[in-house]
Amino acid sequence: MVALPPRERSQLRCCGASGCRSAGAGPLLAALRAAAAAGVAGEPSAIAALTTAEPGSGLEVRSVGCLRLCGQGPLVAWDGPEGTRLFGGLPPEGAAALVAQARGLAPIPLQAEPALAGHRLDLEQPFFRLQRPLVLEGCGIVDPERIEEAIAHGGYAQLRRVLQELSPEQVREQVRRSGLRGRGGGGYPTGLKWDTVALQPPGRRYVVCNADEGDPGAFMDRSVLEGDPHRLLEGMAIAAYAVGADHGYVYVRAEYPLAIERLRLALQQARHQGLLGQGIAGSSFNLELEVRVGAGAYVCGEETALLHSIQGQRGTPRSRPPYPAQAGLWGAPTLINNVETLAAVPVILRQGGDWYAAIGSDKSRGTKVFSLSGAIRHTGLVEVPMGTSLRTVVEIMGGGDPDGGAVKAVQTGGPSGGCIPAALLDTPVDFESLLALGSMMGSGGMVVIGQGTAMPEVARHFMAFSVNESCGKCVPCRAGTVQLLALLDRCVERRATAADLEALEALCAMVKATSLCGLGQAAPNPVLSTLRHFRQEYGAVPGAGP
Amino acid sequence: MIRRHGGQSHGLIEVLHQVQELDGFLSKPALLQVARGLRLPLSRVYGVASFYHLFRLQPPAEHRCAVCLGTACFVRGAGRLAVGLRRRLGLDLDQTSGDGRWALERVSCLGACGQAPVLVLDGVLFTAPPADQPQELDSWLTALGLPAAVALPAAVGLPAAVGTP
Amino acid sequence: MSVITLQVDGHDVAVPAGSTLLQAIQAAGLSVPTLCHLDGLDPVAACRLCLVEVEGSQRLLPACASEATEGQVIHTDTAQLQGYRRMAVELFFAEGNHVCAFCVANGDCELQDVAVAVGMDHSRFPYQDPQRSVDASHPRFSLDHNRCILCTRCVRVCDQIEGAHVWDVAERGSDCRIVAGLDQPWGEVDACTSCGKCVDVCPTGALFAKENTTAEKHPHPERAHQLRRAREQQQWIR
Ligand SMILES: Cc1cc2nc3c(=O)[nH]c(=O)nc-3n(C[C@H](O)[C@H](O)[C@H](O)COP(=O)(O)O)c2cc1C
Ligand code: SF4
Ligand code: SF4
Ligand code: SF4
Ligand code: FES
Ligand code: FES
Ligand code: FES
């Protein structure tokens with residue numbers, strides 16, 4: 001969690017993840033470190049004397065993962081005797097004042113410090129209070145570049161225990177009992193998938209982590225990769241043990257350079273510590289993991305396309321069955337799971353499958369991470385129990401529209417999902433409820449749409465995305481999306497006739513039913529869901545000419 | 001470089017990344033060498049290189065401007081921003097000017113959704129322009145050093161394939 | 001050899017285990033339209049014309065790439081499927097430039113045959129009139145991209161049967177096109193053995209021999225299958 005219990009010796013945790021970096025975390029972190037090393041501006045001699053006299057009073061400034069409220073970045077948390085205080089949007093010039101406060105050397109009380117005024121963020125607000133961090137347990141607390149910190153925080157403890165105490169079947173049993181379902185969008189039961197791979201005829205197996213996170217406006221997986229990569233590696237190693245794989249890949253999109261850098265570092269550190277490689281943690285279990293970097297293709301998030309891409313081929317999907325669990329990389333049974341799915345595994349083993357299954361809703365167990373963005377006050381990352389209502393997430397935690405207007409709709413599931421109108425915000429967020437509304441859980445991106453945005457434009461935006469990202473293999477998607485885009489142009493420009501709308505719906509149905517992979521099959525969803533909930537905005541022009 | 005990847009065909013994408021990092025783009029002679037080194041058919045190498053958006057088959061333009069059209073940015077007016085950029089550069093999205101000076105690219109989410117909408121100009125991220133005030137947006141773009149609006153060639157008309165005109 | 005029994009449009013059929021649904025349909029004496037499928041080449045399930053309904057499954061299955069399983073009840077010609085197939089053919093015609101009257105393959109074109117079979121005489125979708133070129137650099141053959149439907153039969157036959165891998169698909173989405181070598185003129189690609197297999201299997205008039213003029217192309221799509229049988233099972237069936 002962002003707030004830590006009171007501690008005697010103060011420390012500063014500065015978010016060093018991409019969101020805050022783009023808001024200036026780099027210079028701020030440097031300024032905080034400089035101030036902590038050099039002393040408080042204006043009184044260098046006093047500090048120098050103090051640090052030499054009392055080595056214990058040195059202030060530690062740490063770089064950590066996402067502190068959740070990315071939209072107010074760069075964020076810094078000060079943990080001290082009075083608990084945690086959070087600051088947002090602090091310019092580097094404010095660093096000295098914060099360091100002085102944290103050291104207890106400031107001449108004025110915190111409340112009166114002009115350099116910090118207006119930067120204090122309330123940790124008691126629902127945005128923080130209603131979070132239930134499991135996957136993000138260590139994100140924002142550990143320094144992602146130091147494996148020692150991950151280990152001190154419980155990292156790899158479950159891997160060691162599993163290797164010593166549990167059989168692969170026992171591990172899979174816990175995962176089955178947890179009710180965990182894939183977080184990559186499909187919601188396929190993870191335990192079942194692991195069993196399918198494990199029970200294939202003997203031979204080589206692979207484990208693959210899907211870190212392609214292509215849905216625009218989604219940044220959950222990136223936060224795990226950048227904030228706590230060791231948790232993912234631990235989850236992956238446990239998965240590999242459970243299905244009998246000794247080789248694996250993490251496929252990360254190239255657009256995440258920081259995540260790639262940190263993941264590579266984490267792999268290197270884990271190998272050094274004997275937590276990956278040959279004879280892991282003194283057992284007979286071996287696992288080699290490699291990072292594979294994408295090259296800008298959304299469709300490579302689709303599992304068969306991802307496998308082709310790892311094999312150095314064009315990222316085109318293929319017809320399933322056979323599923324990757326039966327025939328994946330180089331024809332061998334391959335387990336593919338999403339980042340968040342795998343990162344949930346250590347906590348499931350630590351607390352037990354039943355404990356995890358008690359969280360969340362009936363058919364969707366555990367917690368889910370969402371990234372909130374768009375027309376919303378608090379842009380950032382939330383982890384909540386499944387089944388929490390959209391209203392709670394968007395209005396109570398997210399603070400609703402930034403200008404005080406009413407939320408118009410919430411888009412979930414990215415280009416495969418749909419728009420849920422404000423009137424239905426009481427829907428619980430779980431796989432089934434969102435599907436029933438013609439949307440999708442997707443990977444967890446939630447983009448809030450304000451009153452000023454016309455829904456046909458939203459539909460066209462996603463269709464343009466699908467046209468641009470279609471791999472071109474099958475005709476309904478390659479040519480159908482182009483035709484759908486043209487029809488949507490007419491809708492946006494209010495030139496659509498009743499016949500156009502009819503053609504739009506018929507073609508949507510055809511593309512959805514006949515496309516080869518999930519991209520094409522889901523490409524009509526944003527159109528169908530906006531037609532369903534906002535049909536008046538498409539307003540056919542009766543009898544308008546072609 | 002090829003040897004470092006064990007000369008294995010499944011290292012193709014990794015090798016292409018590295019060649020592009022060295023040369024700035026993937027020239028035909030470079031692709032030919034890669035194909036020979038990995039013992040792959042030429043068309044297979046070309047097929048892969050041209051499939052992925054991030055591989056460039058032409059020398060990069062002098063200046064590159066990438067506008068984010070991810071959903072968060074879209075909702076906050078990236079469409080208007082994109083139209084402004086297309087006007088000023090006289091280019092369509094994913095196009096490079098004939099003289100090789102400017103390239104306008106689209107990206108989907110740069111991970112700065114909190115500061116939406118955003119654009120990257122020659123590697124530097126610029127955030128939160130006043131996208132809903134046309135005049136202020138115009139001066140914001142001028143301040144970035146973008147050329148003044150040019151008359152659009154017919155081929156670059158503005159059918160607003162991206163968003164709000 | 002074990003046998004699978006299933007029902008196709010009300011007919012019971014038995015096929016060897018491992019057969020595809022397409023083989024089962026043919027065993028029942030019926031047919032579904034196909035374009036990307038060709039006996040002897042690995043299936044890609046790209047044209048989506050052979051999709052069939054399977055009772056108990058929400059998803060439509062491509063007959064060419066799906067294995068028949070015991071007890072399946074399939075429907076190959078429902079109103080829904082007819083509607084989808086017609087639209088797929090319309091999409092093919094709208095995305096390329098098909099002027100049948102002037103085509104070498106007129107009268108011997110599988111796309112034309114399928115259009116007739118699904119009852120399509122014009123596309124309801126606006127024609128996109130893409131700018132595409134003709135590659136006449138090869139001494140004996142030509143490739144007219146305007147007529148290419150991206151079925152990838154040429155890519156597969158040249159790779160899987162001839163072993164030359166002259167062709168591949170380049171770009172993506174609606175920009176996809178067939179390329180030879182490093183996007184070179186076909187005639188410059190020295191991997192080509194001029195065997196003519198790609199021309200034989202092309203379902204449209206996209207690939208043709210230079211001596212062919214309007215309506216003179218007569219392809220031999222069965223050759224891929226014959227060659228594969230000869231190679232793998234030592235059976236010469238010509
Ligand atoms: C077009 C498309 C894009 C996808 N993108 C992603 C992605 O970015 N990340 C992801 O984990 N899964 C993605 N998926 C889902 C994967 O195919 C696959 O179901 C998932 O990785 C399985 O892992 P899980 O069971 O842990 O969810 C995508 C699917 C489709 C059809
Ligand atoms: S649905 Fe689209 S992305 Fe998927 S295989 Fe077909 S063309 Fe490719
Ligand atoms: S003529 Fe033969 S070798 Fe040449 S491209 Fe066609 S199939 Fe390949
Ligand atoms: S050239 Fe002919 S065989 Fe090759 S993809 Fe095009 S239509 Fe198919
Ligand atoms: S990236 Fe810094 S708070 Fe999320
Ligand atoms: S959508 Fe533009 S930065 Fe995320
Ligand atoms: S013939 Fe089956 S999909 Fe083309």
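The values are calculated or read from the model by the stated rules, or taken from the named source; none is laboratory data. Quantities reported herein were computed from a predicted structural model and do not represent experimental measurements. Neighbour counts are summed over all protein chains in view; Cβ atoms, including those assigned to glycine, are modelled from backbone coordinates with ideal geometry. Note: areas computed on protein heavy atoms with side chains; ligands, DNA, RNA excluded. Shrake-Rupley method; radii C 1.70, N 1.55, O 1.52, S 1.80 Å.
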Legend entry - Cα pair distances exceeding 30 angstrom across chain A, given as percent: 53 percent
Inset, instruction - Scale the Cα Rg of region A:171-257 by the rule-of-thumb value 2.2 N^0.38 Å and send over the ratio, two decimals. - result: 1.14
Inset, instruction - Treat every Asp and Glu Cβ in chain B as -1 and every Lys and Arg Cβ as +1, leave all other atoms uncharged, and give the resulting dipole magnitude about the Cα centre to the nearest 20 debye. - result: 600 debye
Legend entry - Where Rh is the Kirkwood radius over Cα pairs, Rg/Rh for the protein assembly as shown: 0.98
Inset, instruction - For residue A:336, enumerate residues with amide H under 5 Å from its amide H, sequence gap 5+ or separate chain, H modeled in the peptide plane. - result: A:208
Inset, instruction - Can you give me the three principal axis dimensions of region B:3-51 from its C-alpha atoms, in Å, biggest first? - result: 23, 22, 18
Legend entry - Phi to ³J(HN,Hα) by Karplus 6.51 cos²θ - 1.76 cosθ + 1.60 over region A:232-243, Hz, x for Gly, Pro: 5, 4, 5, x, 5, 5, 5, 4, 4, 4, 5, 9
Legend entry - Cα-derived Rg over Rh, computed across region A:367-448 with Rh taken as Kirkwood radius: 0.91
Legend entry - Under the Karplus curve 6.51 cos²θ - 1.76 cosθ + 1.60, θ = phi - 60°, whole-Hz ³J(HN,Hα) for region C:67-80, x wherever Gly or Pro sits: 7, 6, 10, 4, x, 4, 10, 10, 10, 10, 9, 6, 4, 4
Inset, instruction - For region A:477-506, state which GluC sites (Glu not before Pro) are in a DSSP loop and have at most 14 other beta carbons lying within 10 Å of their beta carbon. - result: A:493
Legend entry - Descending semi-axes in Å of region A:212-324, equivalent ellipsoid built from Cα gyration tensor: 25, 18, 11
Inset, instruction - Mind jotting down the distance between the C-alpha centroids of region A:354-428 and region C:26-84, whole Å? - result: 40 Å
Legend entry - Cross-link table A:363/A:512; A:473/C:197; B:28/C:210; A:193/A:368, entries beyond 27 Å C-alpha to C-alpha: B:28/C:210
Legend entry - Cα centre as origin, Lys/Arg/Asp/Glu Cβ charges: the protein assembly as shown dipole, Debye: 680 debye
Legend entry - the protein assembly as shown, accessible area per residue, ligands and nucleic acids excluded (1.4 Å, Å²): 38 Å²
Inset, instruction - Could you list which residues have their amide H under 5 Å from that of residue A:367, counting only those 5 or more apart in sequence or on another chain, with H placed in the peptide plane? - result: A:386
Inset, instruction - Measure nothing fancy, just the Cα-based angle from helix B:42-51's long axis to the longest principal axis of chain B, in degrees from 0 to 90, nearest 10. - result: 20 degrees
Inset, instruction - Calculate the translational D of region A:455-538 in whole µm² s⁻¹ from Stokes-Einstein, where the hydrodynamic radius comes from the Kirkwood formula applied to all Cα pairs, the temperature is 4 °C and the viscosity 1.567 mPa s. - result: 106 µm²/s
Legend entry - Between region A:232-284 and region C:88-162, the Cα center-to-center distance that results, in Å: 48 Å
Inset, instruction - Shielding by partners for A:11-23, please: the mean number of other protein chain Cβ atoms within 10 Å of each residue's Cβ. - result: 2
Legend entry - Cα-based helix-to-principal-axis angle, A:257-272 vs chain A, degrees rounded to 10: 60 degrees
Legend entry - Expected-Rg normalisation [2.2 N^0.38 Å, Cα atoms] applied to region A:357-398: 1.20
Inset, instruction - Please list C:211, C:222 in order of solvent-accessible area, largest first, computed with a 1.4 Å probe with all protein chains present. - result: C:211, C:222
Inset, instruction - Could you go through region B:101-115 in sequence order and give the Karplus-derived ³J(HN,Hα) for each residue, using 6.51 cos²θ - 1.76 cosθ + 1.60 with θ = phi - 60°, rounded to whole Hz, and x for Gly and Pro? - result: 7, 10, 10, 10, 10, 10, 10, 10, 6, 9, x, 10, 4, x, 10
Inset, instruction - Compute the Rg to Rh ratio over region B:71-119 from the alpha carbon atoms, using the Kirkwood formula for Rh, and round to two decimal places. - result: 1.02
Legend entry - Value of [θ]222 nm, deg cm²/dmol, for chain A, DSSP H segments ≥ 4, -39500 (n - 2.57) each, nearest 500: -11000 deg cm²/dmol
Inset, instruction - Rounded to the nearest 100 Å², what's the accessible area chains B and C bury against each other, both chains counted, probe 1.4 Å? - result: 1100 Å²
Inset, instruction - Can you bin region A:147-357 into rounded, prolate or oblate? Criterion: square roots of the alpha carbon gyration tensor eigenvalues sorted a ≥ b ≥ c, rounded for a/c under 1.5, prolate for a/b above b/c, oblate for the rest. - result: rounded
Legend entry - Equivalent ellipsoid dimensions for region C:1-108 as semi-axes, Å, which come from the Cα gyration tensor, largest first: 28, 16, 12
Inset, instruction - On the protein heavy atoms, probe 1.4 angstrom, tell me the percent of accessible surface of region A:360-399 carried by carbon and sulfur. - result: 46 percent
Inset, instruction - For helix A:498-514, report the angle its Cα long axis makes with the longest principal axis of the Cα atoms of chain A; keep it between 0 and 90° and round to the nearest 10°. - result: 70 degrees
Legend entry - Area accessible to solvent at residue C:109, 1.4 Å probe radius, in Å²: 10 Å²
Legend entry - Surface accessible to a 1.4 Å probe, residue A:362 within the full protein complex, Å²: 120 Å²
Inset, instruction - Taking H placed 1.01 Å from N in the peptide plane, check which residues at least 5 places from residue C:141 or on another chain put their amide H under 5 Å from its amide H. - result: C:210
Legend entry - Semi-axis lengths (Å, descending) of the ellipsoid that matches the C-alpha gyration tensor of chain B: 35, 17, 13
Inset, instruction - Ignoring everything but the protein chains, give the 1.4 Å probe accessible area of residue C:204 in square angstrom, nearest 10. - result: 10 Å²
